[in-house]
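Chemist: Input: one structure, supplied below.
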Amino acid sequence: LEKDRVKLAILDEAAVVCSTLSFSGSGMFARMTSQFDVVVIDEAAQASEAATLVPLAHSGGNKGETLGAKRLVLVGDHMQLPAMAHAADQNLKRAYAASLFERLETSHPAVALTIQHRMHADIARWPARYFYRGELTNAADAPTESPFVKSLGLNGDGCVCVDGRLVRLKSYAFLDFHGEEGVGATSKSIMNASE
């Protein structure tokens with residue numbers, strides 16, 4: 001098909017190709033004539049080892065005999081969500097749930113980012129202590145006030161009415177909604193109007 005030839009030509013000429021791990025195993029990648037110099041896998045700690053190998057299998061080697069990529073960069077955080085595996089046998093489940101990132105992190109030098117820019121310092125305090133051995137610090141540009149303050153246009157911390165009660169929104173808040181779940185009017189998605 002002409003459409004497939006055009007897609008293949010675009011892939012072969014591209015300087016950067018972005019794909020999911022599973023799509024990188026498609027026939028389109030297998031038919032490429034060029035090879036990838038570098039394969040970068042984001043959220044690598046959440047991907048099973050088998051899934052991580054998929055883009056390497058089609059990285060432009062000699063028909064699967066060798067890997068074409070000269071460099072593999074795994075980006076992830078093994079302290080966050082692990083790889084998921086489904087198997088009735090618990091030993092198999094553990095084996096399949098291991099990530100290549102996790103396996104290599106124990107024996108190869110890894111660069112740990114220890115300064116965070118995204119979370120309010122109050123929120124970052126807990127994971128820094130319990131997951132990152134106190135080594136996670138806040139950057140000077142990390143948020144210092146609740147995003148609700150600006151969005152609600154209020155002086156001081158924002159607030160919201162939940163089930164008839166006024167809840168002040170500081171850097172974080174726990175809200176207990178009592179609404180009913182149902183199917184949306186225009187979609188089949190489960191929703192809770194109260195939330």
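The values are calculated or read from the model by the stated rules, or taken from the named source; none is laboratory data. Remember, it's a predicted structure, so these values are computed and weren't measured experimentally. Because the Cβ atoms are built from the backbone with ideal geometry, glycine has one as well, and the counts that use them run over all protein chains shown. Quick note on the areas: whole protein, heavy atoms, side chains included, nothing else; ligands and nucleic acids left out. Shrake-Rupley method; radii C 1.70, N 1.55, O 1.52, S 1.80 Å.
Chemist: Among what's in segment 92-113 and is open to solvent by 80 Å² or more (accessible area, probe 1.4 Å) and in contact (Cβ under 8 Å) with a residue 24 or more places away in the chain, pick the residue that is nearest to Leu81 (Cα to Cα).
Modeler: Step by step, filter segment 92-113, then rank; the result is Glu102.
Chemist: If you don't mind, another one. Name the single residue that is least open to solvent (accessible area, probe 1.4 Å) among those in segment 1-60 being of a type in the set (Val, Ile, Thr) and in a loop (DSSP other than H, G, I, E, B).
Modeler: My answer is Val17.
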